[in-house]
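To start, the structure itself, in structure tokens.
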Amino acid sequence: MSKRLAIISVHGSMDLAYPPLILATAAVAMDMEAAIFFTFYGLEIIRKGNADKLQVSPVGNPAMPQPIPGISVPNILGVLPGMTAVATGMMNSWMGKAKVAKLSELLEMAREMDVRMIACQMSMDVLGVKKEDLIDGIEVGGAASFLEYASNDAIALSF
Amino acid sequence: MSVSFDQELDCKNLSCPMPILKTKKAVDGLAVGQVLKMVATDPGSLPDVVAWCNKTGQELLAHEEDGGVFTFYIKRAK
């Protein structure tokens, strides 16, 4: 039975930041080990003070529930100025109602539970992110760091 | 249901994965043989606590639902 969960986190939108953190913390709670490799926009999740500011994009997301029930808003309107903020506000309100933990809380849990969090060095160079821009407890590494971890019989997922 | 327990954990109004994370922490704090009573309102906590016990080898002694409140009695088996 696999005892390791290896996750690649590529995206910096709120909805895609949740699954890696939820699964990694739950894995440790289930006596597994977990690591998350943050690459490209995934770095935004671990940028200091940024986790709770991540947004949801309505563009290209036809599955997003409509703001006004019964009135269908064409997806193209998602490109209008302010629509990302509207979608994010809606999502935050639903998250609050469903009592979902904030991303900052899940990050704190992940750190407390020794989830290995690895920031991709190459992405940091590309995006001009420095180690001190990231929250504490993050290692910096490359593809080999992730693969060495994942090759040891891990379940590997990408978000 | 009257199951005797050693510690109680309130996970009401918490959503996945918090009830499981807190349960893990609480059970780790028990001595082997002691029982945790955990109360949650997340309906997903029912399959998740069962799955958690299966995976970790801890023992779900009993559980019940009453008006949307789920109560679990988990014994630290190892």
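A few notes on this one:
- Take B:K37: with every protein chain present and a 1.4 Å probe, its accessible area is about 40 Å².
- Less than 5 angstrom separates the built amide H of A:R4 from those of A:E33, A:I155, all sequence-distant by 5 or more or on a different chain.
- B:V32-A:K3 pseudo-label distance in nm [points 7 Å out on the Cα-to-Cβ vector]: 1.7 nm
- Using 0.36 nm per residue and subtracting the Cα-Cα separation, the extra length available between A:M83 and A:D52 on full extension is 9.3 nm.
- Residues whose amide H comes within less than 5 Å of that of B:L61, counting only those at least five positions distant or on another chain, are B:Y73, B:I74, B:K75 (H built at 1.01 Å from N in the peptide plane).
- Cα gyration tensor shape for the protein assembly as shown, rounded if a/c is under 1.5, else prolate or oblate: oblate
- Note on A:28-40: average number of Cβ atoms from other chains within 10 Å of each residue's Cβ is 3.
- Extended-chain gain in nm, criterion 0.36 nm per residue less alpha-carbon gap, B:V50 and B:K78: 8.4 nm
- The simple Förster model, with R0 at 30 Å and r as the Cβ-Cβ distance, assigns A:L127 and B:K25 a FRET efficiency of 0.30.
- The contact between chain A and chain B removes approximately 1300 Å² from the accessible area (both sides summed; 1.4 Å probe; ligands, DNA and RNA excluded).
- For peptide B:13-22, the mean count of partner chain Cβ atoms within 10 Å of a residue's Cβ comes to 6.
- Distance between the modelled labels on A:S158 and A:N92, one decimal in nanometres: 3.1 nm (7 Å Cα→Cβ projection).
- About its Cα centre, segment B:7-75 has a charge dipole of approximately 280 debye under the convention of +1 per Lys or Arg Cβ and -1 per Asp or Glu Cβ, with nothing else charged.
- Angle in degrees between helix A:83-97 and the longest Cα principal axis of chain A, rounded to the nearest 10: 70 degrees
- The heavy atoms of A:D125 offer some 110 square angstrom of accessible surface to a 1.4 angstrom probe.
- Helical contribution to [θ] at 222 nm, DSSP H n ≥ 4, -39,500 (n - 2.57), averaged over chain A, rounded to 500: -10500 deg cm²/dmol
The values are calculated or read from the model by the stated rules, or taken from the named source; none is laboratory data. Just so it is clear, the model here is predicted, and its values are computed rather than measured. With ideal geometry, Cβ positions are generated from the backbone for all residues, glycine too; neighbour counts draw on all protein chains shown. When the accessible area is computed, the model is the full protein with side chains, heavy atoms only, and any ligands, DNA or RNA have been set aside. Shrake-Rupley method; radii C 1.70, N 1.55, O 1.52, S 1.80 Å.
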